[in-house]
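The values are calculated or read from the model by the stated rules, or taken from the named source; none is laboratory data. Not measured: the values here are computed from a predicted model. Positions of Cβ are generated from backbone atoms using ideal geometry, with glycine treated the same way; all protein chains shown enter the neighbour counts. Heads up: the accessible areas ignore ligands, DNA and RNA and are worked out on the full protein's heavy atoms, side chains in. Shrake-Rupley method; radii C 1.70, N 1.55, O 1.52, S 1.80 Å.
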Amino acid sequence: MKKKHITITIILLILISLFLVITINKKEKNINTSSEKHKLDVNPISKETAINVLKAEYGEYVSTKVEDIKTVDNLYVVDVYIDIKDSEEDAQSHEHSHSQSLGVHKIDMFTGELKKQ
């Protein structure tokens, strides 16, 4: 009688273990499926927003235009230029400005993360 109880207990433990393993696998599969679906639902930022990211980093003197931005995979690639104005103190008081390159930058289309190349 004692052996019969031990056998039944072992069989019940195995069944419970199998049930738990199957349940956990289903939950993991659902989580993976929902995260993949979420990636597809995310809209990329616009090129105008990418310029705003550059302006937030380097100020309003960024002279890069929307036409200067190239798309490569999930990145916007842009050579960033800023306008530097030199004021000269003389009789006519005029301003001289020139552009300076800050190098090529990459902006992630989905997160807006700025990376200097």
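General observations
- Among (1) part of a helix (DSSP H, G or I); (2) modelled with pLDDT of 90 or more - the single one Thr71 does not satisfy: (1)
- For the range 57-68, the candidate set comprises residues that are open to solvent by 80 Å² or more (accessible area, probe 1.4 Å) and assigned to a loop (DSSP other than H, G, I, E, B); within that set, the residue that is nearest to Ile107 (Cα to Cα) is Lys65.
- Across the range 85-114, the qualifying residues are those that are open to solvent by 50 Å² or more (accessible area, probe 1.4 Å) and in contact with a Phe, Trp or Tyr (Cβ under 9 Å, 6 or more places away or on another chain), and the one among them that is modelled with the lowest pLDDT is Lys85.
- Checked against the criterion of being modelled with pLDDT of 85 or more, touching a strand residue (DSSP E or B) at 6+ places or on another chain (Cβ under 6 Å) and polar (S, T, N, Q), the candidates Ser63, Ser46 yield just one match: Ser63.
- Meets criteria (modelled with pLDDT under 90, surrounded by fewer than 10 Cβ atoms within 10 Å (Cβ to Cβ) and among the charged types (D, E, K, R)) for Lys39: yes
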